[in-house]
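Structure first, then comments.
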Amino acid sequence: MDDAPEIQVPEIPARQLKDMIASPNPPFTLDVREVWEVSRGTIPGAMHIPMNSIPDRLGELPRDRTMVVYCAEGIRSYVVVDFLLRQGFRNVKNLEGGMSAWEYLKYAGR
């Protein structure tokens, strides 16, 4: 049995992220998809670190900014946000629905 305390993973809808990116103080966005997925499109300005590389590259991530993590559907990024919170990161959010939700906004004209 896992004795680690339960952590609530905060999530953010794509519309809110879009507004935050357009603000004077945009969040740091982290794409945790695989390389082949990134070639299909990404959120402008996002840093790409595949999910399995995150533990080795924690030093590249800011601890002093809001961070929004995303993947294709929001499942892998949920796991990454949970991991980052357990590593002492604060103000880290998962993009609800991942890149699929972001793409929906783009094509829906929102």
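The values are calculated or read from the model by the stated rules, or taken from the named source; none is laboratory data. The shown structure was predicted, so the numbers you read here are calculated from the model rather than taken from an experiment. Don't worry about glycine lacking a Cβ; one is built from the backbone with ideal geometry, like all the others, and counts go over all protein chains shown. We work out accessible area using only protein heavy atoms, side chains counted, and drop any ligands, DNA or RNA first. Shrake-Rupley method; radii C 1.70, N 1.55, O 1.52, S 1.80 Å.
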query = Across region 11-23, in residue order, what do the Karplus-derived ³J(HN,Hα) couplings come to in whole Hz, using 6.51 cos²θ - 1.76 cosθ + 1.60 with θ = phi - 60° and x for Gly and Pro?
reply = 10, 9, x, 4, 4, 5, 4, 4, 5, 5, 5, 7, 7
query = What part of the accessible area of the chain, given as a whole %, is carbon or sulfur when the probe is 1.4 angstrom?
reply = 53 percent
ask   = Using Cα pairs under 8 angstrom and six or more residues apart, how large is the relative contact order of region 33-83, in percent?
value = 37 percent
ask   = So which residue, out of G45, G59, G74, gets the largest mean-square fluctuation from a GNM of the chain using Cα contacts under 10 Å as springs?
value = G59
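So if we plug the beta-carbon distance of R40 and Q16 into 1/(1 + (r/R0)^6) with R0 = 25 Å, what FRET efficiency do we get, rounded to 0.05? Please list the in-between numbers first.
On the way: r = 23 Å, r/R0 = 0.92.
E(calc), rounded to 0.05, equals 0.65.
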message = Skipping prolines and chain starts, which residues have an amide H placed within reach, meaning under 5 Å, of the one on A72, given they are 5 or more residues away or on another chain?
response = M99
note = Expressed as a whole-number percentage, the relative contact order of the chain with C-alpha contacts under 8 angstrom and at least six residues apart is 34 percent
ask   = On full extension of the chain, what length is gained from R65 through L85, given 0.36 nm per residue of separation minus the C-alpha to C-alpha distance?
value = 5.8 nm
message = Bin width 10 Å, origin at 0, all Cα-Cα pairs of the chain: what percent of pairs per bin?
response = 15, 50, 29, 6, 1
ask   = Hey, what angle do you get for helix 75-86 against the long axis of the chain, alpha-carbon based, 0 to 90 degrees rounded to 10?
value = 50 degrees
remark   = Cα-only Rg/Rh for region 16-59 with Kirkwood Rh rounds to 1.02
key: Positive-end extreme of charge dipole, the chain - chosen from V9, V80, M47 (charges on Cβ)   = M47
